[in-house]
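The values are calculated or read from the model by the stated rules, or taken from the named source; none is laboratory data. The structure displayed is predicted, hence computed values, not measured ones. A quick note on method: Cβ atoms are made from the backbone with ideal geometry, for glycine too, and the neighbour counts reach across all protein chains shown. Please note that ligands, DNA and RNA were not included when accessible areas were found on the heavy atoms of the full protein model with its side chains. Shrake-Rupley method; radii C 1.70, N 1.55, O 1.52, S 1.80 Å.
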Amino acid sequence: GAVVSQHPSWVICKSGTSVKIECRSLDFQATTMFWYRQFPKQSLMLMATSNEGSKATYEQGVEKDKFLINHASLTLSTLTVTSAHPEDSSFYICSAQLALEGYEQYFGPGTRLTVT
Amino acid sequence: DAKTTQPNSMESNEEEPVHLPCNHSTISGTDYIHWYRQLPSQGPEYVIHGLTSNVNNRMASLAIAEDRKSSTLILHRATLRDAAVYYCILGIGSGGGADGLTFGKGTHLIIQP
C-alpha cells in the first residue's frame, strides 16, 4: 500500500512554456502533499506544502506565481511550472503524508524536467 | 529545525550487517526519528521511524539511544539493492502539525559484492 505516482516521469520543454506535473496517491487519501526539488548531486529541498482545498504554503525563496500548486482532491495535487527557464531544470518529487503516528511520507518516483 | 549529522559515505560488503549512525543532539521531546533512502534517479523511500524505543520492520531496525541524541539504522544483511543515500530526519510526530521533511546530505552507502 501507500503508493504515490507522478506523471510525467520526464518532460522536455522550451524556455517560456509551462509544464504541469501530476502527483497522485493511488491507494490512500492524502490531505497533505508536499513538493520537493532536487538538483544534480544535491539533496531534496522542500518547495511547498499542499493541503486539499486550500492554498499551498511555499517555502522561503520559492516563487508562488511561478510554481502553481493545486490540490483539488484528496488524491491529486498538481505543480505547474510557468514560463519555465533552463534554471528550472531539475528533478521534481512529490510526497503524500499518512496522518498516522510519525507522519511518514510516501514519495512519488519523481519527474525530470529539462528546459531547453 | 533540529539538525542531524551523518557520515558522508560508508562502505560495506554484501550479505553483511550495516550500521548507519546519526547524531541528533538537539532533538526535542516530540521529534520522531525518520529514516528514508533514495536510490539513483528515484524518489525517496520510507525505511523506518521511531520515537524512543527500538523499532524493527521488514526492511531494517532502528536503535535509539536512551538519551535520544543519536540513533543507528541497522540493515541486517545488506544486498546490492541497498546501495543508496540514507537520510536521517527529525520530524514532528503525532500531536503536532504536518511538516515537510528537511533533508540533509545523508550517507551514501556503497555495497561491495
>> Just to be sure I understand, how many residues within the stretch B:4-45 are among the aromatic types (Phe, Trp, Tyr) and modelled with pLDDT of 90 or more?
In response: 2
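Residues that are in contact with a Gly (Cβ under 7 Å, 6 or more places away or on another chain): list the strands (runs of 3 or more DSSP E) wholly contained in the stretch A:51-105 that include at least 2 such residues.
Answer list for the stretch A:51-105: A:90-97.
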>> Looking at the structure I just gave you, is A:Thr57 open to solvent by less than 20 Å² (accessible area, probe 1.4 Å) and modelled with pLDDT under 95?
In response: no
> Which of the residues belonging to the stretch A:85-116 are surrounded by fewer than 19 Cβ atoms within 10 Å (Cβ to Cβ), at pLDDT 95 or above and facing chain B (nearest Cβ under 9 Å)?
Replying inline: A:Pro109, A:Arg112
>> Quick check on my filter: what residues within the stretch B:10-34 are surrounded by 12 or more Cβ atoms within 10 Å (Cβ to Cβ), in contact with a Leu (Cβ under 9 Å, 6 or more places away or on another chain) and assigned to a strand (DSSP E or B)?
In response: B:Met10, B:Ser12, B:Val18, B:His19, B:Leu20, B:Pro21, B:Cys22, B:Asp31, B:Tyr32, B:Ile33, B:His34
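Within the stretch A:66-84, which residues are aliphatic (A, V, I, L, M), away from every other protein chain (no Cβ under 13 Å) and in contact (Cβ under 8 Å) with a residue 24 or more places away in the chain?
A:Leu74, A:Leu76, A:Leu79, A:Val81, A:Ala84
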> of a type in the set (Val, Ile, Thr), free of Cβ contacts under 8 Å to residues at least 60 places away in the same chain and open to solvent by less than 70 Å² (accessible area, probe 1.4 Å), is that true of B:Val55?
Replying inline: yes
>> For the stretch A:12-27, which positions are open to solvent by less than 30 Å² (accessible area, probe 1.4 Å) and farther than 11 Å from A:Ser77 by Cα?
In response: A:Cys13, A:Val19
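Is it true that some residue in the stretch B:92-99 is charged (D, E, K, R), in contact (Cβ under 8 Å) with a residue 12 or more places away in the chain and open to solvent by 30 Å² or more (accessible area, probe 1.4 Å)?
Among the residues of the stretch B:92-99, not one is charged (D, E, K, R), in contact (Cβ under 8 Å) with a residue 12 or more places away in the chain and open to solvent by 30 Å² or more (accessible area, probe 1.4 Å), which makes the answer no.
Conditions (1) charged (D, E, K, R); (2) crowded, with 16+ Cβ neighbours inside 10 Å; (3) in a strand (DSSP E or B), marked per residue:
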site: B:Tyr36; (1), (2), (3): no, yes, yes
site: B:Gln42; (1), (2), (3): no, no, no
site: B:Tyr46; (1), (2), (3): no, yes, yes
site: B:Arg68; (1), (2), (3): yes, yes, no
site: B:Ser71; (1), (2), (3): no, yes, yes
site: B:Arg77; (1), (2), (3): yes, no, no
site: B:Ile110; (1), (2), (3): no, no, yes
